[in-house]
Amino acid sequence: MTQGRSIRLFLVDGSSNGLLTAEIMNWTGHTLTGPRTRLSELVKRPECGRTGIYFLVGPDPDNTARPLVYIGESDDVAKRLKQHNQPEQANGKGGKDFWERVCLITSKDQNLTKAHVKYLESQLIALAKASGRCGLVNGTAHDYTMLPEADQADMAFFVEQVRTILPVLGFDFLREPAAHPNLEAPTYDQPNTSPPFELTLPKHQITAQAQEINGDFIVLAGSAARDKWVGTDRGYKGLFNQLVEDGVLQPVDGNHRVFSKDHAFSSPSAAAAVISGRSANGRTSWVLAKTGETYGSWQARLVGDDSDGQDQVNGK
């Protein structure tokens, strides 16, 4: 059974849209986050004068379904943030215009060295790429492994704490992809795992499978989708195009694409729209593979009867 964690949040000025600190019990890391509009206050904090890693986060104009993220490190974070706040030049030099929020992570015992944060930066960039939950502004990341074995073990623990605390602050781009569900032998006894769902488009000979795991709606590798987006320019067109560009949706023939790997969506409707090539109601489009009950009806049963809710989740 997974143990609970205690995270301490502190609103620095009592405002919900101001600076916020976060700490995990028995972890030496310290997190500070805030909007770019409060940067003048943030850089004056003592944490910003330490060695640490930081994340610049903002909207992606080409894909509203995920953010743009820049991951960096510095032994003087305040200085680097001031540089990033400069106007971006036409040649790509200067500051960065896209970001709206910043999050920096330092150590309360100040034992993080330049070598440590270089290693953390390379590890976190790799994890962000693997998660597929953001667009990375970073260029090619250096594979920095020049740390003693003991230090690498310490940094592995540090990374896990970072991945725990960031989603609490609203940053999901480092969340680990859900494990691949086995539809031949589904593990319904595991917590937060739904029965398998199916979506079919008979006219287009398309069938897709999915399962909800830990809050993510996972469309499974091998599921089919429309070859192109046929709906309006609104909705999930950007997400569809991004998945094509990233190679998640691979062409099969002139009429279909196929998911080359499992992909986590924020909702059943997002998944249904990408598969259908147009806006779709995922709550009615997805049905239980065994009974044909819609996702919406299945979820309503869970919400409506807490006494046997776990049995429903477990497919009993």
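We did not get these values from a lab; they are worked out from the coordinates using the rules stated. Keep in mind it's a predicted model, so treat the numbers as computed, not measured. Positions of Cβ are generated from backbone atoms using ideal geometry, with glycine treated the same way; all protein chains shown enter the neighbour counts.
What the table shows:
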quantity	calculated
Axial C-alpha extent at least 18 Å, average Kyte-Doolittle at least 0.0 - helices from the chain (DSSP)	114-131, 149-168
The stretch 28-71: trypsin sites (Lys or Arg not before Pro) in DSSP loop, at most 15 other beta carbons within 10 Å	Lys44
Net charge over other residues, Cβ less than 12 angstrom from the Cβ of Phe98 (K, R count +1; D, E count -1)	-2
Point-charge dipole on Cβ atoms (K/R +1, D/E -1) for the chain, about Cα centre, debye to 20	880 debye
For the stretch 197-313, with +1 on Lys and Arg beta carbons and -1 on Asp and Glu, the positive-most of Gln299, Thr232, Val248 along the dipole	Thr232
Pairs beyond 25 Å (Cα-Cα), from Lys129/Lys203; Lys203/Lys237; Lys96/Lys228	Lys129/Lys203; Lys96/Lys228
Matching label, Kirkwood radius over Cα pairs in Å computed from the structure shown, candidates [x] 21.6; [y] 19.0; [z] 20.9	[x]
